[in-house]
Amino acid sequence: MTTILANHIDGLAVEPRDGIYLDDVDPATGAVHARVPASGPADVDQAVAAGRRAFPGWSATPASERSRILIRIADALETRLEDYVRAESIDSGKPVRLARALDIPRAVANLRFFATAILHTGSDLFETDDRALNYTLRRPRGVAGLISPWNLPLYLFTWKIAPAIATGNTVVAKPSELTPWTAAMLADLTAEQGLPPGVLNVVHGLGASAGAAIVDHPDVPAISFTGGTATGATIARTAGPAFKKLSLELGGKNATVVFADVDLDEVLPGIVRSAFENQGEICLCGSRLFVEAPLYERFVTTFAAAVERLRMGDPLDDATEQGALVSAAHRAKVESYVDLARDLGGEIVTGGRRPDGLPARVSEGFFVEPTVVTGLPVDCRVNMEEIFGPVVTITPFRAEEEAVAWANGTQYGLAASVWTNDLRRAHRVAGALDAGTVWINTWLLRDLRVPFGGMKQSGVGREGGDEALRFFTEPKTVSVALR
Ligand code: NDP
């Protein structure tokens with residue numbers, strides 16, 4: 001049976017005004033499994049109005065009560081973890097084992113983290129000699145517009161709604177229309193768990209209509225967006241002249257720098273994971289591997305063999321490690337880069353094709369084998385443009401400076417990882433890399449308290465910990481004369 005999703009406005013399930021729906025496709029089978037509202041400006045207006053009505057009450061609700069409600073939502077989500085794991089997998093093509101290990105637990109953690117963070121915040125006080133005291137108040141901004149992508153659907157949705165709501169804002173949020181299901185489920189759950197109507201409003205639909213209407217809305221003073229760099233530029237063009245507060249988490253083309261001193265057996269699983277977790281559809285995946293020359297030949301052989309052992313199959317099978325790409329269109333994009341790599345003279349060491357022998361249930365799904373390419377120039381398009389799929393290149397380097405220069409040689413600056421046993425070099429290289437996050441001998445290990453975001457064209461602003469609490473609140477300085 002096809003599920004019909006609804007917008008969630010003022011605590012209620014609401015049909016789109018125009019009555020138009022989009023197909024929500026299961027990427028593993030190619031079949032439509034749900035229909036999602038194709039909302040437009042009228043739906044966004046309704047949601048923003050609900051957010052405005054709810055704002056005075058919610059922003060005045062004591063932090064302890066906001067915290068209590070968010071923790072209750074986190075607990076309820078955790079109790080129903082398996083329902084959300086299955087829904088996330090069906091909606092996005094990701095393996096259930098990843099949704100179970102990463103996506104849904106992180107969504108629970110996001111809610112809990114910000115629910116408790118607001119209980120421990122302080123404010124600055126500056127004393128101007130004996131003449132004045134200056135202190136800072138922080139107030140929620142109003143109705144926050146939150147737009148999130150399809151790759152980590154509930155993970156990134158909660159990463160935005162949790163700090164926004166915890167700090168007393170109300171929200172109009174749009175998940176990607178490709179993966180709307182868990183956001184719709186969570187909206188219902190928040191109502192059940194006592195979040196007052198109008199605090200969280202979810203409007204589904206296309207970025208160009210529903211998303212653009214949120215960004216453009218005069219009563220939405222803050223926009224937090226995660227998605228592609230080109231979309232971020234479009235949003236900035238609208239939000240900039242209106243002086244909206246803007247947080248943009250955008251694309252990446254991350255480097256993985258491997259020095260010859262590593263114990264290859266020890267680091268290999270981490271490097272494979274950093275390349276292909278979630279089919280490479282994580283903005284933080286390392287897709288450009290730079291390997292120190294003495295290790296290069298052995299690395300390519302060992303890495304390719306490990307990649308070939310990744311189990312690709314039905315995402316609902318607990319054993320599956322590589323699922324389907326999110327859509328037919330995205331698969332076509334990924335395949336176009338494999339073709340480009342071939343045209344540019346690259347060697348496809350492994351992968352590059354649609355897999356054979358998948359179980360019958362998923363034989364029409366949008367699968368591409370994890371693909372490893374060598375022999376490409378560091379400045380070619382395959383190495384410069386974000387593919388956002390299971391395609392990586394490996395390039396040998398001779399000197400540390402060369403690796404750093406190549407790693408920094410793109411328009412992006414989101415993340416990087418460095419693999420070495422030399423402590424001094426690890427810190428030196430981490431300091432030299434132009435990336436918002438650098439991992440040393442690990443990947444995707446992220447404390448929720450640290451600032452997260454991109455340099456260069458990978459974004460504007462930071463999320464995480466205090467950065468998110470600051471983004472969603474307006475500072476106001478009060479200066480008191482002492483004489
Ligand atoms: P998109 O930029 O295409 O879309 C992101 C969201 O924005 C979707 O909900 C989309 O809706 C919406 N949108 C599209 N156009 C507009 C518009 N004009 N106004 C408002 N909203 C709009 O990204 P993808 O969904 O394809 O996600 C992949 C991208 O996200 C990659 O580039 C990846 O690197 C980046 N990303 C960055 C992360 C980070 O933290 N830096 C984390 C995860 C992903 P619709 O789906 O209808 O287009």
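Every number in this text was worked out from the coordinates using simple rules, so none of it is lab data. This structure is a prediction, so every number in the text was calculated from the model and none was measured. Neighbour counts run over all protein chains shown; Cβ positions are idealised from the backbone, glycine included.
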Please work out the FRET efficiency for the pair THR79 and ARG311, using the Cβ-Cβ distance as r and a Förster radius of 41 Å; give the result to the nearest 0.05. 0.90
Under 16 Å Cα-Cα from LYS476, which lysines qualify once same-chain neighbours fewer than 8 residues away are excluded? LYS245
Virtual spin-label span in nm between ILE20 and ARG483, 7 Å along Cα→Cβ: 6.8 nm
Skipping prolines and chain starts, which residues have an amide H placed within reach, meaning under 5 Å, of the one on PHE397, given they are 5 or more residues away or on another chain? VAL291, GLU292, ALA293
Checked region 349-474 against the a/c 1.5 cut and the a/b vs b/c comparison, axes a ≥ b ≥ c from its Cα gyration tensor; verdict oblate
Using the Cα centre as the reference, give the magnitude of the dipole from point charges on the C-beta atoms of region 70-207 (Lys, Arg: +1; Asp, Glu: -1; all else neutral), rounded to the nearest 20 debye. 200 debye
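Quick one: net charge around LYS333, please, counting Lys, Arg +1 and Asp, Glu -1 for every other residue with C-beta under 12 Å from its C-beta.
Summing Lys and Arg as +1 and Asp and Glu as -1 gives -4.
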Among VAL202, VAL382, SER274, whose Cα projects farthest towards the positive end of the dipole of the chain, with charges put on the beta-carbon of Lys, Arg (+1) and Asp, Glu (-1)? VAL202
Amide H contacts under 5 Å for GLN322, placed H, 5+ residues apart: ARG311, MET312, GLY313
Region 366-414-region 282-306 distance, computed between alpha-carbon centres (Å): 10 Å
Simple spin-label estimate for ASP263 and GLN411 in nanometres, 7 Å along Cα-Cβ: 4.2 nm
Points 7 angstrom from Cα along the Cβ direction at ARG68 and THR3: gap in nanometres? 3.1 nm
Estimated FRET transfer efficiency when R0 is 51 angstrom, pair GLU474-ARG428 (beta carbons, to 0.05): 0.80
Positive end of the dipole of the chain, charges at C-beta (+1 Lys, Arg; -1 Asp, Glu), about the Cα centre: which of LEU433, TRP159, SER287 has its Cα farthest in that direction? TRP159
Subtracting the Cα-Cα distance from 0.36 nm times the residue separation, let me have the gained length for ARG353 to ARG237 in nm, one decimal. 37.9 nm
Rounded tilt (10° steps) of 41-60 against the dominant C-alpha axis of the chain: 60 degrees
If a paramagnetic tag sat 7 Å from the Cα of ALA132 along the Cα-Cβ line, which residues of region 462-483 would have the backbone N under 17 Å from that point? 476-483
Size of the dipole of region 328-421 about the Cα centre, Lys and Arg at +1 and Asp and Glu at -1 on the beta carbon, nothing else charged, in debye to 20? 320 debye
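When ARG52, ARG353 are ordered from fewest to most other Cβ atoms inside 10 Å of their Cβ, what list results?
ARG353, ARG52
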With axes computed from alpha carbons, what is the tilt in degrees of helix 81-92 against the longest principal axis of the chain, rounded to the nearest 10 within 0 to 90? 60 degrees
Which far-off residues, 5 or more places away or on another chain, put their amide H under 5 Å from the one on THR350, with H placed in the peptide plane? VAL372
Any chance you could give the angle, 0 to 90 degrees and rounded to 10, that helix 104-117 forms with the longest Cα principal axis of the chain? 40 degrees
As a quick test, which of the pairs LYS244/LYS456; LYS160/LYS333; LYS94/LYS253 have an alpha carbon distance above 23 angstrom in this structure? LYS160/LYS333
Checked the chain with the C-alpha gyration tensor, a ≥ b ≥ c its square-rooted eigenvalues, rounded below a/c of 1.5, otherwise prolate if a/b is larger than b/c and oblate if not; verdict oblate
For region 30-86, what does the alpha-carbon gyration tensor say about shape, rounded, prolate or oblate, given a ≥ b ≥ c as the root eigenvalues, a/c under 1.5 as rounded, and a/b over b/c as prolate? oblate
Region 97-173: trypsin sites (Lys or Arg not before Pro) falling in loop per DSSP and having at most 12 other Cβ within 10 Å: ARG131
Per residue of region 387-404, what does 6.51 cos²θ - 1.76 cosθ + 1.60 with θ = phi - 60° give for ³J(HN,Hα)? Whole Hz please, x for Gly and Pro, Karplus curve as stated. 8, 6, x, x, 9, 10, 10, 10, 9, x, 10, 9, 10, 3, 4, 5, 4, 5
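Which whole-number percent gives the relative contact order of the chain, counting Cα pairs below 8 Å spaced six or more residues apart? Don't skip to the end; give the middle numbers.
Numbers: 1113 pairs, mean separation 92.8, N = 483.
In percent, rounded to a whole number, it is 19.
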Assign unit charges at the C-beta atoms only (+1 for Lys and Arg, -1 for Asp and Glu), then state the dipole size of the chain relative to its Cα centre in Debye, rounded to the nearest 20. 1260 debye
